[in-house]
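Take a look at the structure set out below.
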Amino acid sequence: MLLRAAWRRAAVAVTAAPGPKPAAPTRGLRLRVGDHASQSAVPADTTAAPEAGPVLRPLYMDVQATTPLDPRVLDAMLPYLINYYGNPHSRTHAYGWESEAAMERARQQVASLIGADPREIIFTSGATESNNIAIKGVARFYRSRKKHLITTQTEHKCVLDSCRSLEAEGFQVTYLPVQKSGIIDLKELEAAIQPDTSLVSVMTVNNEIGVKQPIAEIGQICSSRKVYFHTDAAQAVGKIPLDVNDMKIDLMSISGHKIYGPKGVGAIYIRRRPRVRVEALQSGGGQERGMRSGTVPTPLVVGLGAACEVAQQEMEYDHKRISKLAERLIQNIMKSLPDVVMNGDPEHHYPGCINLSFAYVEGESLLMALKDVALSSGSACTSASLEPSYVLRAIGTDEDLAHSSIRFGIGRFTTEEEVDYTVEKCIQHVKRLREMSPLWEMVQDGIDLKSIKWTQH
């Protein structure tokens, strides 16, 4: 109690203290400006340091890594962060009932987006957990009869690592190669299915190159061969139309923060008819039909539900707008710069994810030069490594081109001005870096770089 009273007194003293209030963050054309003034309730010694001005922040063009929270989602979440704070699993009072009703409404909103029954939606902490539950859960439940799984070489790291951990448990995993376009060969998939195959896992939209796999065709093959089909749809849900029944999908992973919802929440769709059984990874109170124990975080799932509802309403408009901006970015870069390669299939492709390789330029140096724009040279999960992207290697990209790739992400809140500014800066820095490159000079002189035998000193 004494601590609480002291804290209140400190907070009152701070709020009553005279002085200018920090300016609200403003957003400019070229850079986003944020105020990084201390928000702490403990008074700081302001006499020692000079007054800090607003900090310039880059434009955001990395929506495959995460998306900003849609203000409509925040509005839906706020009451459950402040007033309606009951545990949704408390059955004896109104606080629990309010939270449970909100949780079930969110379940309905998620199910509606993918054409599922609300009872088939299980809330998780995100797509990584959903992928783990789908792959390990199905494999372990059916392990007595089926010990084989199939996935692709270009899956998200959490899918590949889940498969590797199952291999250590004695399962056999087939990693299907992809074609130069990034799309799997359906004949190879059909040939890889064995009598003891329990699961096929293929992502809907690739997080690095934006390639869309033929999900409906894969679902048809799996259904005809009595094999369960899981898809990691983190980059596709809310962006392209998906229907789990039409596409014959048995399990689907969903992420909140990829669809303008909050971080730390996701969902997994698990088919009820014909029923798919999974072994739970987590032990506890048996929440979420026993498949994912732990208290469901009401504000987060309300945010996920609201994000799914907004995505369903705006999908068509968003897709048209993002397609237009993507076309503008690609055309303006390619008409001003030679030797730029777009990675992945240009037809079967989600327009908001553009992966370009700028020959004779190191991707990391281009990223450092483009400090006014937040971009990445691969997935956020693997970009800390200096190795070229395993996705680009899988589609047969030359190592030098793989090292020169940049991923541009265009989303709901990206503006035309931001795209134009990114294009302008990109062209400027690629030209500057190429002028410094001896390889570019040799190519201009007509020398074939592949014919050169390099020696070490």
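The values are calculated or read from the model by the stated rules, or taken from the named source; none is laboratory data. None of these values were measured; they are calculated from a predicted model. Positions of Cβ are generated from backbone atoms using ideal geometry, with glycine treated the same way; all protein chains shown enter the neighbour counts. For the accessible areas, the whole protein counts, side chains as well, though only heavy atoms, and no ligand, DNA or RNA atoms are used. Shrake-Rupley method; radii C 1.70, N 1.55, O 1.52, S 1.80 Å.
Some observations on this one:
- Within region 354-375, tally of residues that are of a type in the set (Ser, Thr, Tyr) and either open to solvent by less than 10 Å² (accessible area, probe 1.4 Å) or modelled with pLDDT of 95 or more (or both): 1
- Single residue of region 170-194 satisfying the filter (under 23 Å from the mean Cα position of the chain (by Cα) and not in a loop (DSSP other than H, G, I, E, B)) that is nearest to Ile221 (Cα to Cα): Leu176
Per-residue answers, yes or no, for (1) over 21 Å from the mean Cα position of the chain (by Cα); (2) at pLDDT 95 or above:
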site	(1), (2)
Met334	yes, yes
His348	no, yes
Pro351	no, yes
Leu401	yes, no
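- Selection within region 148-169 - more than 13 Å from Lys136 (Cβ to Cβ), over 17 Å from the mean Cα position of the chain (by Cα) and open to solvent by less than 70 Å² (accessible area, probe 1.4 Å): His148, Ile150, Thr152
A quick yes/no check of all residues on (1) part of a loop (DSSP other than H, G, I, E, B); (2) of a type outside the set (Phe, Trp, Tyr); (3) over 30 Å from Ala102 (Cα atoms):
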{"site": "Cys308", "(1), (2), (3)": "no, yes, no"}
{"site": "Lys320", "(1), (2), (3)": "no, yes, yes"}
{"site": "Leu329", "(1), (2), (3)": "no, yes, yes"}
{"site": "Glu347", "(1), (2), (3)": "yes, yes, yes"}
{"site": "Leu356", "(1), (2), (3)": "no, yes, yes"}
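- Total residues in region 226-249 satisfying the condition of being within 14 Å of the chain's Cα centre (by Cα), assigned to a loop (DSSP other than H, G, I, E, B) and of a type in the set (D, E, K, R): the figure is 1.
- Members of region 97-113 that are open to solvent by 50 Å² or more (accessible area, probe 1.4 Å) and among the hydrophobic types (A, V, I, L, M, F, W, C): Trp97, Ala101
- When the residues of region 83-96 are filtered to those that are surrounded by 15 or more Cβ atoms within 10 Å (Cβ to Cβ) and in a helix (DSSP H, G or I), the one that is nearest to the chain's Cα centre (by Cα) is Gly96.
- Some residue of region 249-259 being open to solvent by 10 Å² or more (accessible area, probe 1.4 Å) and closer than 17 Å to Ala111 by Cβ: yes
- Qualifying residue in region 132-149 (condition: in contact with an Asp or Glu (Cβ under 7 Å, 6 or more places away or on another chain) and part of a strand (DSSP E or B)): yes
- Filtering region 160-182 to residues that are more than 18 Å from Ile395 (Cα to Cα) and of a type outside the set (Phe, Trp, Tyr) leaves Asp161, Ser162, Cys163, Arg164, Ser165, Leu166, Glu167, Ala168, Glu169, Gly170, Gln172, Val173.
- Filtered by the rule that a residue be of a type in the set (S, T, N, Q), crowded, with 20+ Cβ neighbours inside 10 Å and in contact with a Phe, Trp or Tyr (Cβ under 6 Å, 6 or more places away or on another chain), region 399-457 gives a lone residue, Ser404.
- Filtered by the rule that a residue be without any contact (Cβ under 8 Å) to a residue 40 or more places away in the chain and either out of contact with any Ser or Thr (no Cβ under 6 Å at 6 or more places or on another chain) or not charged (D, E, K, R) (or both), region 234-248 gives a lone residue, Met247.
- Filtered residues of region 208-225 (kept if in a loop (DSSP other than H, G, I, E, B), over 20 Å from Arg277 (Cα atoms) and open to solvent by 10 Å² or more (accessible area, probe 1.4 Å)): Gln213, Pro214
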